[in-house]
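Notes for the one structure printed next.
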């Protein structure tokens with residue numbers, strides 16, 4: 001892990017914030033122009049440690065031809081705002097994947113728990129602006145902590161928080177005010193290192209957030225408070241769980257990934273699935289193992305067991321027979337009296 005890379009937990013895993021390595025490499029090759037001010041391992045010029053620490057990265061790239069790279073699925077350590085000033089670029093968000101090409105004038109808002117990518121799978125010619133602002137949340141049920149240097153009133157910030165946390169629409173159409181503030185931020189990031197003004201960054205970030213609030217007020221998105229609930233956090237954890245079955249999960253570690261105690265986590269897990277956390281985990285592992293047994297026939301049964309998080313091949317075989325009705329080897333061979341094996345044949 002490189003110095004400066006932010007580490008935090010999202011439902012289901014320890015996560016290292018995306019550092020845009022493909023973008024860094026494209027800049028080094030001279031494939032596009034980039035201008036950014038950053039904290040941490042993002043590409044761009046480092047801001048002084050004490051200057052706007054919540055601004056993780058702000059800037060733009062300008063690609064005058066189609067690229068051979070894209071930013072694959074990732075999450076950020078803050079809420080991210082992007083704006084396509086010119087051209088178009090592929091975009092995807094969430095699971096299942098929603099998205100499509102973003103055209104000139106598109107504005108995106110992604111929360112830290114929303115997986116997304118830029119490029120489909122490569123980046124096309126475009127000028128893309130962004131701001132990633134850390135508001136202290138990694139899970140939907142955490143309170144947002146806005147920077148103290150914002151001038152928006154407490155009431156405005158509360159309204160903006162509700163609009164962003166109780167609504168997960170990602171793609172909007174930017175108005176002239178939002179376009180203006182992104183361009184002003186670009187001017188600051190493109191200035192010489194000794195001329196970049198912290199005051200100007202503060203001014204334009206404040207302006208951008210106020211313009212965003214005005215945009216949301218006009219569009220009046222339907223707000224759903226359950227999107228920032230504890231149950232929503234557990235739902236996201238359970239949705240991510242199949243991707244991280246090799247982790248040595250315990251009830252305590254699953255609960256901790258959601259910021260909950262064991263009893264509360266168990267309660268929400270039963271509310272969502274009508275099963276205990278252990279039952280959910282075992283079923284996820286059995287389903288993943290079933291797919292591997294049929295698709296990766298060069299893997300031994302023990303390798304499949306370990307790959308899916310089972311402690312041993314023997315333990316896996318016992319649980320597999322309990323849930324499926326035949327041994328893993330019989331399942332792989334398509335035993336006639338095993339409906340699961342027949343369905344996958």
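The values are calculated or read from the model by the stated rules, or taken from the named source; none is laboratory data. It should be emphasised that the depicted structure is a prediction, and the values quoted were computed from it without experimental measurement. Note that we place each Cβ from the backbone using ideal geometry, even for glycine, and neighbour counts take in every protein chain shown.
Table: residues versus (1) closer than 30 Å to residue 284 by Cα; (2) in contact with a strand residue (DSSP E or B) (Cβ under 9 Å, 6 or more places away or on another chain).
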site	(1), (2)
200	no, no
209	no, yes
217	no, no
224	yes, no
227	yes, no
233	yes, no
246	yes, no
252	yes, no
255	yes, no
Q. If you check 50, 80, 46, which single one turns out to be within 24 Å of residue 135 (Cβ to Cβ) and surrounded by 20 or more Cβ atoms within 10 Å (Cβ to Cβ)?
A. 80
Q: Residues that are surrounded by fewer than 20 Cβ atoms within 10 Å (Cβ to Cβ) and in the same structural domain as residue 301 (by TED's automatic domain parsing): find the helices (runs of 4 or more DSSP H) completely inside region 198-285 holding 1 or more of those.
A: 230-240, 251-257, 262-273
Q.
Going by what's in this entry, would residue 341 be described as assigned to a helix (DSSP H, G or I), surrounded by 18 or more Cβ atoms within 10 Å (Cβ to Cβ), modelled with pLDDT under 90 and under 35 Å from the mean Cα position of the chain (by Cα)?
A. yes
Q: Sort out which residues of region 176-195 are touching a helix residue (DSSP H, G or I) at 6+ places or on another chain (Cβ under 6 Å) and in contact (Cβ under 8 Å) with a residue 40 or more places away in the chain, and write them in order of number.
A: 178, 185, 188
Q: Pull up region 147-165, narrow it to residues that are in contact with a helix residue (DSSP H, G or I) (Cβ under 7 Å, 6 or more places away or on another chain) and surrounded by fewer than 19 Cβ atoms within 10 Å (Cβ to Cβ), then point me to the one that is farthest from residue 223 (Cα to Cα).
A: 149
